[in-house]
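Derivation of every value follows stated rules applied to the coordinates shown; laboratory data play no part. This is a predicted model, so every value here is computed, not measured. A quick note on method: Cβ atoms are made from the backbone with ideal geometry, for glycine too, and the neighbour counts reach across all protein chains shown.
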Amino acid sequence: MKNKSFNILKSDSQATKVEPVKIDNFCYEAYREYTQQLLSRCSRFIENDSGVLIYRRMRVAEVFSYGCRDMKRSLEWQLGALQRSLEYDADVPNFLEPWYGIGPVAASFGIRYIWNEGQAPAIKPAFKTIEDALNYDVKPVKDTDTGKYSLKMIEYFLDKTKGKLPVSMGDIQSPFNNACNIVDTSNLMISLLSEPEKIEQFLNLIADLEIDFYKEQQRLIGNAMVKPGHGFASSYIFNGLGISDDNLVMVDEESYVNYIRPSIEKLGNYFGGVVLHSCGNYSGCINDFVKGFK
């Protein structure tokens, strides 16, 4: 009989096996010089109407799983990834990401991480309806335990590397993705049909929380920041904000345009545009997504 159990120990399909490098054993100056050498390639790319850049992302499975709970180990794994990336000829250097799960915004609504052994932190929506969430006395993300740890992790990375290495902000989820972490997803989708004005109000609130939190990250990272960040090819001279909007595939085009896109526009227009990741076929929305930005 076929085993139908889900194996959580399977390797991340995007991951590359690397050996951690101790903080004192990494050659920061050499990697900084390597990064500077590639800036001209990145610059030529954005100055032209077309072109190709090669980016060989070194994604460490442990970093984007249970390992994010230990900032020292996370940095060592990522330093190992930067060192390993030098084996490949590329145009865009890898960077450090103080990744601490995808739930910092949910913490504003009193939602805590669930730490299952060997897994990334999980989130369980705490509210049945949008109304319940809107009535909650939200805190700024930076004032929550999750937000504080995220910012502390950034400070640790910068302190240990003396700002010599490229650093991105954490994994940024779209307001709609975050909404599904906060309110029961089934009820949220029903509200999209029955009370869409509340969806728009809720997503606008989440966008404001995100802007506030990522402004704080931006302030801390300063000149070490690369954009758009996370899973995207990023550089000191690129711009914008990389976001994930996996739940995009679950809504129709009209609802997306009228009620979901405005909150993404708000983020993009504040941070210099948006680079979008979504799982699944979202071709029905992509033209409208692009049209939405100034």
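Some observations on this one:
- Three-way shape call for the chain based on the alpha-carbon gyration tensor, with the a/c threshold at 1.5: prolate
- Net charge in the neighbourhood of V60 (other residues with Cβ under 12 Å of its Cβ; Lys, Arg +1, Asp, Glu -1) is 0.
- The chain - mean residue ellipticity at 222 nm from DSSP helices (-39,500 (n - 2.57) per run, n ≥ 4, rounded to 500): -13000 deg cm²/dmol
- Net +/- balance of residues flanking L158 in space, Cβ distance below 13 Å, scoring K and R +1, D and E -1: +2
- Contour minus Cα-Cα distance for C27 and D159 (0.36 nm per residue): 46.0 nm
- Cα-based helix-to-principal-axis angle, 196-221 vs the chain, degrees rounded to 10: 20
- Each Lys and Arg Cβ is given +1 and each Asp and Glu Cβ -1; about its Cα centre, the range 116-210 then shows a dipole of about 560 debye.
- Two-site FRET efficiency, L193 against S43, from Cβ-Cβ distance with R₀ of 51 Å, rounded to 0.05: 0.60
- Of the residues N223, F213, I190, the one whose Cα sits farthest toward the positive end of the charge dipole of the range 186-234, with +1 on the Cβ of Lys and Arg and -1 on the Cβ of Asp and Glu, is N223.
- Ranking S13, V105, G147 by Cα position along the charge dipole of the chain, where only Lys, Arg, Asp and Glu carry charges on their C-beta atoms, puts S13 farthest toward the positive end.
- For the chain, the share of DSSP beta bridges that are antiparallel, to the nearest 5, is 15%.
- Rounded to the nearest 0.05, the FRET efficiency derived from the C-beta distance between E19 and D208 at R0 = 45 Å is 0.60.
- Magnitude of the charge dipole, the range 186-247, Cβ model with Lys/Arg +1 and Asp/Glu -1, debye to 20: 360
- Each Lys and Arg contributes +1 and each Asp and Glu -1, all at the Cβ; summed about the Cα centre of the chain, the dipole is approximately 900 debye.
- Fewest-first sequence of T185, T35 by Cβ atoms within 10 Å of each Cβ: T185, T35
- Total formal charge among the other residues, if their Cβ is under 13 angstrom from that of Y236, Lys/Arg +1 and Asp/Glu -1: +4
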